[in-house]
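The structure that follows is given in the form of C-alpha cells.
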Amino acid sequence: MKDNKYDLKHSNEVIKKMNKEMKQIKEEILKDKTPEEQEKIKKQWEQNEIETDRKLKIELEKYEKQREEWNKRQSELMSVEDMKQGLNDMIKELDDEWDETLQSTIDELCKGKTDEEKAKIIKAFENGFNKGE
C-alpha cells in the first residue's frame, strides 16, 4: 500500500513539473507574437487539447471494452481443479471400460473350458500385463 502512495505522490510531482515546464514553453512561444497571433495559437492549442482528449476517451473506452471481454473470458474458463477432476473422471471411466472389456474377453475365452484351462488363460493374461509394468 505504501508503494502505491509513493508512486502516486511521485506521479503527481512529475505531472506538476511537466505542467510548469509546459507553461514556460508556451510563454516563451507567445512572447514575441502579436496579440492576434497569440490568440490564434492559443485557439489552436485549445483545439489540439480537445482533439487529444477525444482520442484519449476513445482509447480508454476501447481499453475498458477489452478489459470487460477479458474478465468475461476469464470467468468462462474452467478452473485447474475442475480440469483435474474431469480428467480423473475420464481416466476412471476408460479404466472401467477397459476392465469390462478385458473381463468379457476372458469370460468368452473361458466358455466351455475346464477350471485348469481357465486358470491357464487367466495366468496368460496376467503375465502379459505384468510384462508391461
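If I filter region 34-50 for residues that are part of a helix (DSSP H, G or I), more than 45 Å from the chain's Cα centre (by Cα) and exposed (fewer than 10 other Cβ atoms within 10 Å of the Cβ), do I get at least one hit?
Yes - at least one qualifying residue is present in region 34-50.
What number of residues within region 72-105 satisfy the criterion of being part of a helix (DSSP H, G or I) and either in contact (Cβ under 8 Å) with a residue 12 or more places away in the chain or loosely packed, with under 10 Cβ neighbours inside 10 Å (or both)? Explain how you work it out, then say what you get.
Residues of region 72-105 that are part of a helix (DSSP H, G or I), as a first pass: 72-76, 80-105.
Now restrict to residues that are either in contact (Cβ under 8 Å) with a residue 12 or more places away in the chain or loosely packed, with under 10 Cβ neighbours inside 10 Å (or both): 72-76, 80-81, 102.
Within region 72-105, residues that are part of a helix (DSSP H, G or I) and either in contact (Cβ under 8 Å) with a residue 12 or more places away in the chain or loosely packed, with under 10 Cβ neighbours inside 10 Å (or both) number 8.
Turning to a different aspect of this structure: Go through Gly128, Gly112 for me and flag whichever is assigned to a helix (DSSP H, G or I) and of a type outside the set (A, V, I, L, M).
The conditions single out Gly128.
On to the next question. Against the definition (open to solvent by less than 100 Å² (accessible area, probe 1.4 Å) and more than 31 Å from the chain's Cα centre (by Cα)), how does Leu109 come out, yes or no?
Details: open to solvent by less than 100 Å² (accessible area, probe 1.4 Å): yes; more than 31 Å from the chain's Cα centre (by Cα): yes.
So Leu109 fits the description; yes.
Scan region 1-28 and report the pairs whose first residue is under 18 Å from Lys42 (Cα atoms) and whose second residue is modelled with pLDDT of 90 or more and in a helix (DSSP H, G or I), with Cβ atoms within less than 8 Å and a gap of 6+ or a chain change.
Once the first residue is under 18 Å from Lys42 (Cα atoms) and sits in region 1-28, its partners that are modelled with pLDDT of 90 or more and in a helix (DSSP H, G or I) give Lys26/Trp45.
The values are calculated or read from the model by the stated rules, or taken from the named source; none is laboratory data. Since the structure is predicted, the reported quantities are computational estimates derived from the model, not experimental observations. Cβ coordinates were reconstructed from backbone atoms using ideal geometry, including for glycine residues, and neighbour counts include every protein chain displayed. Each accessible area value is taken on the protein alone, full model and side chains, heavy atoms only, with ligands, DNA and RNA left out. Shrake-Rupley method; radii C 1.70, N 1.55, O 1.52, S 1.80 Å.
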